[in-house]
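The values are calculated or read from the model by the stated rules, or taken from the named source; none is laboratory data. In this text, all values refer to a predicted model and were calculated from it rather than measured experimentally. Note that we place each Cβ from the backbone using ideal geometry, even for glycine, and neighbour counts take in every protein chain shown.
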Amino acid sequence: MYLNWLEFVEESDEDDSVKDKKQTSIINKGLEAYPKSAKLLYQFLLKEMASPSSSSLIPKFEEAIKQVKPNESYEIWDLYLNYLKEEMEVEHIESDEINNKFKNTISTIRLDDSDYENFVLSKYLEWSKETFDMPKFRTIVKDLILSKQRSLQFFEKCLEIELLSSKKEEDSSNVDIIINDDMDIDEEQTSSVFQQEDELNKLISKILKNEIIIDTNRLNLESINYLFEKAIANDITNIGN
């Protein structure tokens with residue numbers, strides 16, 4: 001009901017400032033009735049991001065993520081990451097602080113929330129790849145591996161990033177989609193976030209067919225070998241099958 005009301009106000013011909021006040025009121029009333037509604041919390045945070053406020057929204061995001069069920073929090077996580085990236089770009093927050101927040105979140109995930117853990121880890125790896133250089137990225141990966149047994153999807157993601165990091169600069173192949181497709185979360189897919197086809201095999205196939213050109217001088221075989229060894233040591237034996 002509240003979401004339909006928001007949509008109705010958005011499509012009205014009223015002035016934007018009037019719309020904003022009405023929508024804010026609707027969201028607040030909705031959250032009074034349904035404080036754990038992921039969609040209402042998402043709308044609340046979206047409004048907060050758009051408002052000219054100097055205070056950090058990190059506590060509000062963290063509280064929202066705690067409020068909702070893990071399999072309903074994916075959209076809020078995406079919004080949270082966008083917010084953190086914006087804050088980092090304008091130097092309101094340091095990359096190390098974001099890194100620590102990821103670590104804290106990962107450490108508090110329940111053991112039975114494997115889909116949720118894979119989702120957060122995948123986002124973390126993507127963010128790390130975009131934020132840090134590869135040596136720092138590899139340090140983060142090693143810390144994650146040493147702290148807990150990881151899934152097949154985790155190692156596949158790490159290997160994808162490793163291989164694509166050595167792609168020749170002049171190769172304009174649109175291969176980022178290989179990684180990003182794994183991270184697009186459909187509302188109907190939250191129960192099987194990482195039960196997708198083996199994208200690593202597709203990537204390797206493209207490399208072997210020279211559809212993606214790898215600069216062997218940039219290829220870090222030591223790191224790739226480490227990932228395979230750790231995956232096998234954790235009884236994950238079907239990588240590349």
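Look at the range 76-90 and say how many of its residues are under 16 Å from residue 60 (Cβ atoms) and touching a helix residue (DSSP H, G or I) at 6+ places or on another chain (Cβ under 7 Å).
Within the range 76-90, the subset under 16 Å from residue 60 (Cβ atoms) is 76-84, 86-87.
Still in the running and touching a helix residue (DSSP H, G or I) at 6+ places or on another chain (Cβ under 7 Å): 76-77, 79-81, 83-84.
Summing the residues that are under 16 Å from residue 60 (Cβ atoms) and touching a helix residue (DSSP H, G or I) at 6+ places or on another chain (Cβ under 7 Å) in the range 76-90 gives 7.
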### Query
In the range 91-98, is there at least one residue being buried (at least 18 other Cβ atoms within 10 Å of the Cβ), in contact with a helix residue (DSSP H, G or I) (Cβ under 9 Å, 6 or more places away or on another chain), assigned to a helix (DSSP H, G or I) and small (Gly, Ala, Ser)?
no
### Message
Considering only the range 1-14, I want to know if a residue exists there that is of a type in the set (Phe, Trp, Tyr), free of Cβ contacts under 8 Å to residues at least 12 places away in the same chain and more than 16 Å from residue 78 (Cβ to Cβ).
### Response
yes
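Quick one: is residue 185 under 19 Å from residue 150 (Cβ atoms) and modelled with pLDDT under 75?
It is false that residue 185 is under 19 Å from residue 150 (Cβ atoms) and modelled with pLDDT under 75.
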### Task
Take the residues in the range 49-64 that are buried (at least 18 other Cβ atoms within 10 Å of the Cβ) and part of a helix (DSSP H, G or I), then tell me which one is farthest from the chain's Cα centre (by Cα).
64
### Task
Would you point out the residue of the range 111-139, among those that are more than 15 Å from the chain's Cα centre (by Cα) and touching a residue at least 40 places away in the same chain (Cβ under 8 Å), that is surrounded by the most Cβ atoms within 10 Å (Cβ to Cβ)?
138
